[in-house]
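The values are calculated or read from the model by the stated rules, or taken from the named source; none is laboratory data. The structure presented is a predicted model; accordingly, all values stated were derived computationally and were not measured. Here the Cβ positions follow ideal geometry from the backbone for every residue, glycine too, while neighbour counts run over all protein chains shown.
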Amino acid sequence: MSRLATGNKTVRYLPSPTPPLEDDEGVTLLLAHANGLHKETWGALVGYLFDAMGKSEGVTVREAWSIECPNHGESAVLNEAAIERVHKGEWNGWEWPRAIHTFLRSKPAGVDFFAPSVKRKIVGIGHSQGGNAIVFLSTLSPRLPVHSYILLDPTISIHMPARDRMVRIMTALTYPKRDCFLSRDDAFQYLRAQPGTRNWHADVLKALSGIWIQVIEWSDI
C-alpha cells in the first residue's frame, strides 16, 4: 500500500476570553469536514458553540482543532506534487486519518495528546467522509484517547451493491460541479442556489466562497 508523505493545514479555534481550565476540564473538539469542503467549514458552528458557552451553563469547549484532508483546500495545494506522484487520480481513505494522527503526535501548541498524564476530553466530530476519518483514526497506534464520537452522515459501510451504487452517484454528482467563478460573490450566489447547499448557514457559504476560492488572473488562464 502506498503511503503519502504530506502535510495538512489545520485551524485551531479558541474561545475569547479563554476560560482558566485544568487539564481535565472542558472538551477538546477534533473536527473533520465532509468530502468537497475544507477546514474552515466548521468555523460558523464553533463560533456558535463559543457564543452559547457565555449565555448558559453546560459543557465548556476549551478548544477546537479542524484538521483538513490532505487533498482538500489549502492542503491540496501544499500536497499537489506528492498526490500526483503517489495516487495518480485515485485516493486512499487511510491517508486522512494518518495525517490527523501524525499532526497530533507532533504536539501542536505544545500539547501531547497521547501522554497518559494529559487528561484532555477529546470529542471527535466528523461529517460524511470526515466521520470515516475520525473512526479510522481510532484504530491507529499509539491509540488516541478519544472520550466520545459524534458522526454526521458518516459514509461507513461494508462492501455491498448499495455502497457501490452510492459511490457511483456521488462521483456523478461531483465531477460536473462548477469550479470556476467570476468572483467570490458569484461563487456565493451559486452555492446559495444549489439544492445541496442552499439551506446552509450564510456564514458557512461565505467561508466556502471566500477562503475556498483561489484568485487567478485572466492572463494566467
Residues in the range 30-44: is at least one among the acidic types (Asp, Glu), under 14 Å from the mean Cα position of the chain (by Cα), buried (at least 16 other Cβ atoms within 10 Å of the Cβ) and closer than 21 Å to Leu152 by Cβ? yes
Residue by residue through the range 115-148, note down the ones that are among the aromatic types (Phe, Trp, Tyr) and over 19 Å from Trp94 (Cβ atoms). none
Could you list all residues from the range 153-194 that are without any contact (Cβ under 8 Å) to a residue 24 or more places away in the chain, of a type in the set (Ser, Thr, Tyr) and outside any helix (DSSP H, G or I)? Ser157, Tyr175, Ser183
Among (1) without any contact (Cβ under 8 Å) to a residue 24 or more places away in the chain; (2) of a type in the set (S, T, N, Q); (3) closer than 30 Å to Arg178 by Cβ, there is one condition Ser66 misses while meeting the rest; what is its number? (1)
Sole exception among (1) under 22 Å from Thr155 (Cα atoms); (2) out of contact with any Ser or Thr (no Cβ under 8 Å at 6 or more places or on another chain); (3) assigned to a helix (DSSP H, G or I); (4) at pLDDT 90 or above for Ala76, by number: (4)
Determine, yes or no, whether Arg12 is of a type outside the set (A, V, I, L, M), more than 26 Å from Gly210 (Cα to Cα) and either touching a residue at least 60 places away in the same chain (Cβ under 8 Å) or surrounded by 13 or more Cβ atoms within 10 Å (Cβ to Cβ) (or both). no
I want to confirm something. Restricting to the range 51-110 and keeping residues that are among the acidic types (Asp, Glu) and touching a Leu at 6+ places or on another chain (Cβ under 9 Å), which single residue is surrounded by the most Cβ atoms within 10 Å (Cβ to Cβ)? Glu95
Counting only residues that are assigned to a loop (DSSP other than H, G, I, E, B) and within 18 Å of Leu29 (Cβ to Cβ), how many does the range 141-152 have? 2
